[in-house]
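**Student:** Below you'll find the structure I mean.
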Amino acid sequence: MILFLAMAPGIAGERFEAGTFIIVYDTKSGAPVSMPLELYVERALAAEAPASYHLEALKAQATAARTRAIAGRCARYPQANVCTDYTCCQAYLDDAAQRVKWGLSYPLFRAKLERAVVDTAGLIIAYDDKPILVLYHAISGGRTEDVELVYSEPLPYLRGVDSPGEESASKYKGRVSISRDEFVKVINKAFPSAGLASASLESQVDILKRSASNRVLDARLGGANADGRKLRGLFGLNSANFTIAFSGGEVVFDTIGHGHGVGMSQAGAEAMARGGADYLQILTHYYTGVAIMDY
Ligand SMILES: [Zn+2]
């Protein structure tokens with residue numbers, strides 16, 4: 001099966017010669033490349049998941065990466081199935097980049113990732129027999145988020161679920177501190193009706209509403225309001241699950257979790273795998289009502 005008939009220069013399939021080919025837009029070289037789907041999955045897996053993870057967590061991530069690759073087209077480069085920019089599609093590491101990243105562990109990690117890909121070859125996550133919109137993130141902070149609270153459209157398989165056991169993940173907790181003056185400058189620029197003053201932040205700033213996962217849905221900023229997602233972007237916070245405190249001349253955000261919080265939590269998947277769950281249990285936990293099937 002060839003998903004796209006568009007012509008693109010091919011590359012050798014290395015260990016994944018047979019099967020479906022896809023078009024990957026390589027943002028480094030600025031060109032579309034035709035390659036075996038399973039080779040792409042291995043390279044996305046190398047970039048998106050810590051190779052030290054349990055094999056079942058890596059198999060869950062491989063299935064998610066494959067689903068993303070065949071589900072549609074890249075929004076930025078529609079001549080391709082996916083691109084290699086993680087802000088658009090999925091991150092990507094070719095063989096040379098994998099060697100640099102892993103150093104002496106390369107043979108071990110490479111073999112482990114290949115096993116995760118081969119063990120799940122051809123499998124995708126589907127809802128109503130169609131590939132799902134795959135979203136995942138690093139650390140949920142204990143519970144994932146309903147998709148419509150982060151993006152616009154509700155989807156039946158992207159519902160908030162509990163995600164225990166993540167506390168040992170690095171970056172589970174984070175902190176961003178900025179001066180009161182900088183905070184006021186950023187907020188008043190983004191929200192001209194806010195009218196914040198450095199000396200009055202304690203009375204002007206308040207968190208009014210949180211989601212079931214503790215992410216901020218509504219914060220009062222003087223005469224303006226904002227959700228946690230907006231504040232996360234403005235101040236580079238790891239998560240929209242945060243507290244705001246005023247300490248001397250500083251504004252301190254303490255965060256829990258890392259990423260948007262929708263879909264599979266990679267740290268939660270790792271915790272489930274270490275607790276004995278297999279990749280099917282992991283995927284059906286984080287994606288409500290889905291089936292794992294051949295594409
Ligand atoms: Zn893309």
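What follows draws every value from the coordinates through simple rules; no lab data is involved. Since we're looking at a predicted model, the values are computed, not measured. Glycine also receives a Cβ, built like all others from the backbone with ideal geometry; neighbour counts cover every protein chain displayed.
**Student:** On a straight-distance basis, which lysines could pair with K173 in a cross-link, Cα separation under 27 angstrom, same-chain partners fewer than 8 positions away excluded?
**Tutor:** The qualifying lysines are K59, K101, K185, K209, K230.
**Student:** Can I ask one more? Kirkwood-based Rg over Rh for the stretch 173-256 (C-alpha set), two decimals?
**Tutor:** 0.92
**Student:** Non-local amide H neighbours of D218 (under 5 Å, H modeled in plane, Pro and chain starts lacking H): which ones?
**Tutor:** So D218 has HN proximity to L208, K209, G228.
**Student:** Dipole of the stretch 128-276 (Lys/Arg Cβ +1, Asp/Glu Cβ -1, origin at the Cα centre): which of N238, G268, L149 lies farthest to the positive side?
**Tutor:** In the stretch 128-276, that residue is N238.
**Student:** Something else now. Short version: what are the Cα gyration tensor semi-axes of the chain, square root of 5 times each eigenvalue, largest first, in whole Å?
**Tutor:** For the chain, the ellipsoid semi-axes come out as 38, 20, 19 Å.
**Student:** Here's a follow-up. Sorted by packing (mean other beta-carbon atoms within 10 Å per residue), highest first, where do 169-175, 184-190, 143-149 land? Walk me through the numbers before you get to the answer.
**Tutor:** Numbers: 169-175: 15.6, 184-190: 17.4, 143-149: 22.4.
So the peptides 169-175, 184-190, 143-149, ranked by packing, come out 143-149, 184-190, 169-175.
**Student:** Shifting gears a bit: Counting helices only, and only those DSSP H runs with n ≥ 4, report the 222 nm mean residue ellipticity of the chain as the sum of -39,500 (n - 2.57) divided by its residues, in deg cm²/dmol to the nearest 500. If you can, show how the numbers build up before the last one.
**Tutor:** On the way: 9 runs with 91 residues, N = 295.
So the calculated ellipticity at 222 nm is -9000 deg cm²/dmol.
**Student:** Show which aspartates and glutamates lie in cross-link reach of K112 when reach means a straight Cα distance below 13 angstrom and same-chain residues fewer than eight apart are skipped.
**Tutor:** Output for K112: E42, E56.
**Student:** Taking the chain as a Gaussian network, where each spring joins two C-alpha atoms under 10 Å apart, which residue of A245, A49, A138 fluctuates the most?
**Tutor:** Checking each option, the largest mean-square fluctuation is seen for A245.
**Student:** Here's another thing I want to ask about it. Please find, in a Gaussian network model of the chain (springs between Cα atoms separated by less than 10 Å), the residue of P78, P192, P32 whose mean-square fluctuation is greatest.
**Tutor:** Top of the fluctuation ranking is P192.
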